[in-house]
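The values are calculated or read from the model by the stated rules, or taken from the named source; none is laboratory data. The structure presented is a predicted model; accordingly, all values stated were derived computationally and were not measured. Cβ coordinates were reconstructed from backbone atoms using ideal geometry, including for glycine residues, and neighbour counts include every protein chain displayed.
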Amino acid sequence: MARRLLLSLAVFLILAAPAAGDDIHHRKAELDSRIAGLQSKITHAKAHEGVLTQQITAVSDKIDALQGNVARAQSQLDTLEGQLAASQQKLDRVTELYKLQTRRLKLLRKSYAIALKRLDRRVLQAYETPDPDAIDVLLSATSMSAMLSDIEYLAQIGRQDKHVSDQLDQAKRAMTAARERTHVLKGQVAAATAAIRRRTEQQHAVTVALISSQQQLAVARASKRDALASVQVNVKEFVGEATQLQAASSALEAKIQAAERAAAARAAAPSSPSSSSSSSSSGSTGSGHVSSSGLIWPVNGPITSPFGSRCLPNGDCSFHPGIDIGVPAGTPIHAAAAGSVIYAGVMSGYGNLTVIDHGNGLATAYGHQSAIGVSVGQSVSQGQVIGSVGCTGYCFGAHLHFEVRVNGVPVNPLSYL
């Protein structure tokens, strides 16, 4: 945009200036040089565009490749998580079985202890009151069947006591062995579960790293796409500017040809006192000259944007033909020196613009005004209020855009203020 502002003002000053032969030829050469520079910028910008396009393609390929890796890693993670859940369930069942077997073993131990106490009590009773022998049973029996029943009863009591004791002991031993096997199985399942958990955690870390890399590449691709869009915009601006400069160059060429024809006609015509007088008076502006003290500041404020080239991170540069002075809207603008107003109106980019000719090829320009206080042809004195600060045209906040031009070419205002 700054380049377009410079172009518009330069074209206006060039076409509005007197058709002085050498000066016009100089400006024409300068304009053609700028066109060549723009063509070089266009070539550079298109090459940069090609590089960015290749980089975006490469990053997109990496993202696509990572997408497959992420999918495989996620699938492996899902499988491991399923195995971990199944192993954990098995461990829970084995743990519950071990607890149940522990309770049953405790119960068997308690029952075995009770049986032993009963057996001990019966032995003690037999010792204190001996059991009747077979003769006593025979003598006391009232019949043969009664005698056989009593003998069998005594034998059954002994067998039953020993059988109960043996059964409890066997059950206790079997439960102890089963509990020990369950304990071993529990340890094995716990170890397997821990191993699966470690593998799951490792796979989760791998998956997270892949997703993070994919996201970083996506951010990088988005950044390169933004840079590509910026380069493409700059290419369009360069092409448009070059087209406008070419048109201005053609117009200037026509003006040079007209000036040459006029000069040739004047050279062929006989000289006269009036023409001699006119020639001797040419070059005087009648509007005053810049004093030896130089230009005064049009407003008092900090410089928010300096004079000169301003480059983007992608290497594209633009030229800022003046300085921006940050002051509030409505601040009065003072003429930097005495002179004659040669432009007062709206110009693309500059908004409300005033241009003052100070003579000897020196001119100053005041852009983005909220209101213009002078008119074309008006003579102004140094320090006179010529307008108010605003934000018209291409700007992002109230400030004064101030330019100093020598023979239409922008120069650093700080060298004159």
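One line per residue, one yes/no per condition, for (1) closer than 19 Å to Pro413 by Cα; (2) aliphatic (A, V, I, L, M):
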position	(1), (2)
Ala337	yes, yes
Gly345	no, no
Leu353	yes, yes
Thr364	yes, no
Gly367	yes, no
Ile372	no, yes
Val380	no, yes
Ser388	no, no
Long-range neighbours under 9 Å by Cβ, at least six apart or interchain, first residue assigned by TED's automatic domain parsing to the domain that holds Ser223 within segment 39-64, second in a helix (DSSP H, G or I) and hydroxyl-bearing (Ser, Thr, Tyr): Lys62/Ser213
Yes/no for Val404 being part of a loop (DSSP other than H, G, I, E, B) and either free of Cβ contacts under 8 Å to residues at least 24 places away in the same chain or touching a Ser or Thr at 6+ places or on another chain (Cβ under 8 Å) (or both): no
